[in-house]
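The structure under discussion appears below in the form of structure tokens.
The values are calculated or read from the model by the stated rules, or taken from the named source; none is laboratory data. Note that the coordinates shown come from a computational prediction; the quantities given were computed from them, not determined experimentally. Positions of Cβ are generated from backbone atoms using ideal geometry, with glycine treated the same way; all protein chains shown enter the neighbour counts.
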Amino acid sequence: PSAAALKLCQDHPGWAAEGGKALRALTPESGALPAGFASLATGWIGDATMRETVAGWLSRTGTSADALEMIQKAELTTLPAEFTPPLLRLLEQGKGLEAIGKLSKKDRQPFLAALQKLAHGGDGLPPNPKALQLLDPAPLEEAVFAGLMRQLSAKSGDSGPEEVAKALAVSPLSAAQRTVLLPALATAGPVSLPPLVTALTQQADESLGLDLLRSLDRHHLLTSLAPDFLNARLASFPDAVKAALKSLQEREQAAAAARRAGLTELAAAASSGDAAHGHLVFQSAKAACVTCHQIGYKGGTLGPDLSNIGAIRTELDLLEAIALPSAGFVRSYEPQLVKLKNGGAQYGIPHNRSDRDLTLGVGPGAEIRIPLSDIESTGPGEFSLMPAGFGESLSRAELIDLVAFLKSLH
């Protein structure tokens with residue numbers, strides 16, 4: 001179908017029943033869905049015929065990925081019954097976790113047994129941290145914890161360290177497990193570091209709290225964490241821990257002024273950097289830029305699109321954005337602090353606001369929906385969701401080459 005035909009159909013929701021039949025008839029025998037089919041189906045998803053068509057797409061190897069993506073974007077308040085059987089079959093194959101994650105807790109009920117099996121591993125498969133995050137928090141069996149620790153230190157695998165760290169953050173860990181986890185800070189990237197700290201600070205243990213601060217200091221990780229985040233995580237810890245944190249933060253404030261002065265010299269060197277190597281740095285797990293930033297059609301969408309960043313930013317601008325991300329925010333990507341009526345709070349970048357809820361981007365590929373009726377107030381956030389430690393975690397040469405690559409984008 002032409003773009004004009006698709007647009008005409010999108011403007012006529014009353015055509016959904018016949019449209020569902022037509023899309024089913026036009027679906028190829030093999031391969032992915034034709035362009036525009038998924039967006040059209042999203043608009044017609046309220047119709048039973050269209051839902052049957054989508055259920056058929058979910059059941060086919062070639063079209064299941066497109067159908068799963070469509071369900072993720074549809075923001076369904078209730079999962080249509082037609083989708084449950086094919087989704088369950090996909091989940092048993094380890095697919096569709098992102099779509100399941102968009103469902104309400106009630107709609108996840110038919111999938112709990114499959115999620116449990118995936119989460120705990122077995123039969124030669126490792127524990128699945130994405131599945132673990134979709135279950136109610138529960139203590140981790142030692143075999144599951146050991147499997148997650150192996151994935152956390154692995155150089156490759158189906159689940160990156162960020163997903164493992166998030167799974168550990170939402171799982172109640174024993175004192176012994178937190179002690180085993182502490183050395184993992186030494187190799188933590190800027191994206192996985194905050195959830196690891198969350199996991200380590202589940203209980204206000206003075207000894208572990210002091211060990212945590214010593215480890216963050218020894219591995220130069222304090223600047224990778226927003227001061228407000230650390231203050232909140234350690235607020236219930238004994239005074240000795242809070243005093244140690246205050247001392248370290250005061251020292252870091254003085255060091256930050258010196259680092260800012262050094263950016264000017266680095267910016268001058270970036271004009272002769274290796275842009276090709278900088279592209280590799282951009283895509284690397286160490287920098288993790290691609291998880292949040294898009295270039296062309298590839299990359300995440302939590303942060304600004306960088307496709308033309310070199311045309312509008314100087315080398316110094318780019319360095320400051322990398323090393324000091326909370327110094328300023330790009331318009332439409334300003335973080336918000338959302339205070340809830342139950343006394344809790346959420347922090348993220350607003351992605352959408354409907355007459356029912358507010359959608360916040362809270363991490364790479366992660367969103368939460370907050371009912372407007374639960375919100376007490378919203379206000380501007382003070383720190384970026386982009387971790388502040390890239391200036392320290394990347395070498396001087398990597399920083400220079402990364403800036404050279406970004407500057408080449410027009």
**Q.** Given (1) polar (S, T, N, Q); (2) within 24 Å of T223 (Cα to Cα); (3) surrounded by fewer than 22 Cβ atoms within 10 Å (Cβ to Cβ), number of the condition Q116 does not satisfy
**A.** (2)
(Q) Restricting to region 249-278, give me the number of residues that are surrounded by fewer than 17 Cβ atoms within 10 Å (Cβ to Cβ) and closer than 30 Å to R214 by Cα. (A) 14
**Q.** Elements of type strands (runs of 3 or more DSSP E) in region 328-382, at least 3 residues being over 15 Å from the mean Cα position of the chain (by Cα)
**A.** 336-340, 345-353, 375-380
Q: Keeping to region 39-82, report how many residues are over 27 Å from the mean Cα position of the chain (by Cα), within 15 Å of D107 (Cβ to Cβ) and part of a loop (DSSP other than H, G, I, E, B).
A: 0
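Does region 390-402 contain at least one residue that is closer than 20 Å to E315 by Cα, in contact with an Asp or Glu (Cβ under 6 Å, 6 or more places away or on another chain) and not assigned by TED's automatic domain parsing to the domain that holds R233?
First, pick out the residues of region 390-402 that are closer than 20 Å to E315 by Cα: 390-402.
Among the residues that remain, those that are also in contact with an Asp or Glu (Cβ under 6 Å, 6 or more places away or on another chain) are: 401.
The next check asks that each one be not assigned by TED's automatic domain parsing to the domain that holds R233; those that pass are 401.
The answer is yes, given that some residue of region 390-402 is closer than 20 Å to E315 by Cα, in contact with an Asp or Glu (Cβ under 6 Å, 6 or more places away or on another chain) and not assigned by TED's automatic domain parsing to the domain that holds R233.
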Q. Using beta carbons and a limit of 7 Å, which pairs, at least six apart or on different chains, have the first residue in region 201-227 and in contact (Cβ under 8 Å) with a residue 40 or more places away in the chain and the second one acidic (D, E)?
A. H220/E392; T223/E252; T223/E392
Q | Sole exception among (1) without any contact (Cβ under 8 Å) to a residue 24 or more places away in the chain; (2) within 21 Å of the chain's Cα centre (by Cα) for A176, by number | A | (2)
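Can you pull out the residues in region 255-297 that are assigned to a loop (DSSP other than H, G, I, E, B) and touching an Asp or Glu at 6+ places or on another chain (Cβ under 6 Å)?
From region 255-297, those assigned to a loop (DSSP other than H, G, I, E, B) are 271-274, 284-288, 292-293, 296-297; that's our starting set.
Matches in region 255-297: G273, D274.
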Q) Just checking, how many residues over region 303-338 are surrounded by fewer than 16 Cβ atoms within 10 Å (Cβ to Cβ), in contact (Cβ under 8 Å) with a residue 40 or more places away in the chain and basic (K, R)? A) 0
Q: Can you tell me which residue among S393, S377 is in contact (Cβ under 8 Å) with a residue 40 or more places away in the chain and of a type outside the set (D, E, K, R)?
A: S393
Q. Which one is modelled with the lowest pLDDT, of the residues in region 75-113 that are surrounded by 18 or more Cβ atoms within 10 Å (Cβ to Cβ) and among the small types (G, A, S)?
A. A99
Q. Which residues, counting only those in region 374-406, are modelled with pLDDT of 90 or more, buried (at least 20 other Cβ atoms within 10 Å of the Cβ) and not charged (D, E, K, R)?
A. L399, I400, L402, V403, A404, F405, L406
